[in-house]
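A quick write-up on the structure given underneath.
The values are calculated or read from the model by the stated rules, or taken from the named source; none is laboratory data. Please read all numbers here as calculations on a predicted model, not as lab measurements. No Cβ is skipped: glycine too gets one built from the backbone with ideal geometry, and neighbour counts run over all protein chains shown. Heads up: the accessible areas ignore ligands, DNA and RNA and are worked out on the full protein's heavy atoms, side chains in. Shrake-Rupley method; radii C 1.70, N 1.55, O 1.52, S 1.80 Å.
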Amino acid sequence: TRSAPLAPAAGRDESAEARLPAERPSKTRRKEASHDLQALGVALLEMKDEHIAGLGFGETLVDAIRAHRNIRSHEARRRQVQLIGKLMRSADVEPARQAVAEMQLGRAHDSLALHRSERWRAELIAADAATTRFASEHPQADVQQLRTLVRNARKDQSLAPERRSGRAYRELFQFIREHEHDA
């Protein structure tokens, strides 16, 4: 024998369930958010004080970031990072995220420029045709000075092929960097 379905309990408001607050994030999500803020705080430690002050953080957070720079103990630094992460929970972190992203993007651009200059130096030392290409891409460059630097770098390299340094080698790199920067 089957029994009839149970009727709703007397006095129970079914719409009350719809009015319950949204479910809280899980402990895992809260920990991930906390670790993200700590990582952002660590990235902020690399910025200059003036830049951090311009992000609109409260004085307590700015002081915590400054204090971290003076702490030498590993464990104390770890706890300070946790404090910075905790203080960031109540701060508007979007400007900080943008500033960190811009800082990291700037480093990437600098790294690419450095590699491009190193490639030019290797090509210039390896082949005469590279001098013509460099001069056509950088019309403001003094071609005579470039040829002299290339010749001297080749001479340095022929004297000590295992050594990739030498005054002429460095001077050629500086010349390339200056003209790559101007381009």
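Is it the case that some residue within the stretch 73-83 is of a type in the set (Gly, Ala, Ser) and farther than 30 Å from residue 153 by Cβ? Looking for residues that are of a type in the set (Gly, Ala, Ser) and farther than 30 Å from residue 153 by Cβ, one finds at least one in the stretch 73-83, hence yes. Just to be sure, is residue 11 farther than 30 Å from residue 177 by Cα, modelled with pLDDT of 85 or more and of a type outside the set (D, E, K, R)? In short, no. What number goes with the only condition from (1) touching a helix residue (DSSP H, G or I) at 6+ places or on another chain (Cβ under 6 Å); (2) closer than 16 Å to residue 40 by Cβ that residue 120 does not pass? The one condition residue 120 does not meet is (2). For the stretch 89-126, the set of residues classified as more than 21 Å from the chain's Cα centre (by Cα) and basic (Lys, Arg) consists of 89, 119, 121, listed by residue number. Of the residues making up the stretch 44-66, those that are open to solvent by 40 Å² or more (accessible area, probe 1.4 Å) and either aromatic (Phe, Trp, Tyr) or assigned to a helix (DSSP H, G or I) (or both) are 49, 50, 51, 53, 59, 60, 63, 66. Within the span defined as the stretch 165-178, one or more residues are surrounded by fewer than 13 Cβ atoms within 10 Å (Cβ to Cβ), within 31 Å of the chain's Cα centre (by Cα), at pLDDT below 90 and over 30 Å from residue 43 (Cβ atoms).
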